[in-house]
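The values are calculated or read from the model by the stated rules, or taken from the named source; none is laboratory data. As the structure is a prediction and not an experimental result, all values here were calculated from the model. All Cβ positions, even for glycine, are placed from backbone atoms using ideal geometry, and neighbour counts span all protein chains on display. Keep in mind that these areas ignore ligands, DNA and RNA; they rest on the heavy atoms of the full protein, side chains included. Shrake-Rupley method; radii C 1.70, N 1.55, O 1.52, S 1.80 Å.
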Amino acid sequence: MDDLVQFLITRINDDNHAYAYVAGTLGGEALLDSHLPMLDLIEQLANDYKAMDPSDSRSVGLGYALRVLSQSYGEHPAYQQEWRP
């Protein structure tokens, strides 16, 4: 699961860099309808999972949610099919 969490955080950072490029090129208004707030929330979930004790009853559900969310990057070459929920 650590590999999945790191994969997800890396993809989110890549997306954030892409949004920063768009903002720098086209101006901040180009990001008004962006997915930046959602990316921030997903990154927070990934960080919460990393900090969570495996015995925490919420870890199974959060792990499942991260697997579901990671499917949006399913076409990325580093995505591993065993991560599918």
- How large is the charge dipole for the range 1-83, taken about the Cα centre, if only the Cβ atoms of Lys, Arg (+1) and Asp, Glu (-1) carry charge, to the nearest 20 debye? 80
- Task: Over all alpha-carbon pairs in the chain, figure out the percentage whose distance exceeds 14 Å.
- Result: 65
- With all protein chains present and a 1.4 Å probe, the order of Leu62, Leu32 from largest accessible area down is Leu32, Leu62
- Cβ-based charge dipole, the chain, positive-most Cα from Pro54, Gln6, Asn16: Pro54
- Query: Where in the range 1-61 are there trypsin sites (Lys or Arg not before Pro) that are in a DSSP coil and have at most 15 other Cβ atoms within 10 angstrom of their Cβ?
  - Reply: Arg58
